[in-house]
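Only one structure is covered here, and it is reproduced in the block below.
The values are calculated or read from the model by the stated rules, or taken from the named source; none is laboratory data. This one's a predicted model, so the numbers in the text were calculated from it and none came from an experiment. Every residue, glycine as well, gets a Cβ built from its backbone with ideal geometry; the counts of neighbours run over all protein chains shown. Surface areas here come from the heavy atoms of the whole protein model, side chains and all, with no ligands, DNA or RNA. Shrake-Rupley method; radii C 1.70, N 1.55, O 1.52, S 1.80 Å.
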Amino acid sequence: VRAPHHPPRARDRSMYETHTKNTYQEFKKFSNALLAARFFNVFVPLLALILVVGLALLIINHNVSVLIGELIGCAIAVPMCFIMNKVRVKRVYDSNRAVRNETYKILFNEDALEVKSQNFNLTIPYKDLHKIIETKTNFYLMAAENQGVIIIKANCNKKLIDFIRSLS
């Protein structure tokens, strides 16, 4: 009599493993990293365009008040973006009870990462990662422009950190 064949569990196939607790602090860091990327990719060029237009108007019309108005507008707009983001982050975090304070196990397999928790299992092939954002404390493996997996570097060994860096 042969023993029944059981497919290997994800743990048996994984090369690396880590975990992340989705606290408000970690979610806030994630959102701030996304905001910083957007800020430098969208807001900085937009602010530069506004200033160039203001300088052009200054040269053409010799009207300093337009340039001063634009500078004041920019000085108000930038902090407002950060304040609005802070409010939005808290609202989004509080609204999703299924993942709030949830601890995820993240398995790095040969061709995909698996995210497992009490509430869900998710597999993301590495080839489908939109981008990888690295900060001082974390990696954000982005499945889409605004959706990603938080990886806390303090919970990773050097080999896993090197492996994540090799994915970009």
> Out of 61, 74, 137, whose Cα points farthest toward the positive end of the dipole of the chain (charges: +1 Lys, Arg; -1 Asp, Glu; placed on Cβ)?
Replying inline: 137
>> Loop by DSSP (not H, G, I, E, B), at most 16 other beta-carbon atoms within 10 Å: where is the longest site-free stretch of the chain for trypsin sites (Lys or Arg not before Pro)?
In response: 10-96
> Size of the dipole of the chain about the Cα centre, Lys and Arg at +1 and Asp and Glu at -1 on the beta carbon, nothing else charged, in debye to 20?
Replying inline: 620 debye
> Of the GluC sites (Glu not before Pro) in the range 90-125, which ones lie in a loop per DSSP and count no more than 13 other C-beta atoms within 10 Å?
Replying inline: 110
>> Would you calculate the convex hull of the Cα atoms in the range 35-168 and tell me its volume per residue in Å³?
In response: 137 Å³
>> At 1.4 Å probe radius, can you tell me the per residue accessible area of the chain in Å²?
In response: 65 Å²
> Taking a threshold of 21 Å on the Cα-Cα distance, which of the pairs 86/127; 28/127; 105/159; 90/158; 21/116 fall above it?
Replying inline: 86/127; 28/127; 90/158
> How about the range 108-138: which chymotrypsin sites (Phe, Trp or Tyr not before Pro) there are in a DSSP loop, with at most 11 other Cβ atoms within 10 Å of their Cβ?
Replying inline: 120
> How large, in percent, is the carbon and sulfur part of the accessible surface of the chain at a probe radius of 1.4 Å?
Replying inline: 61 percent
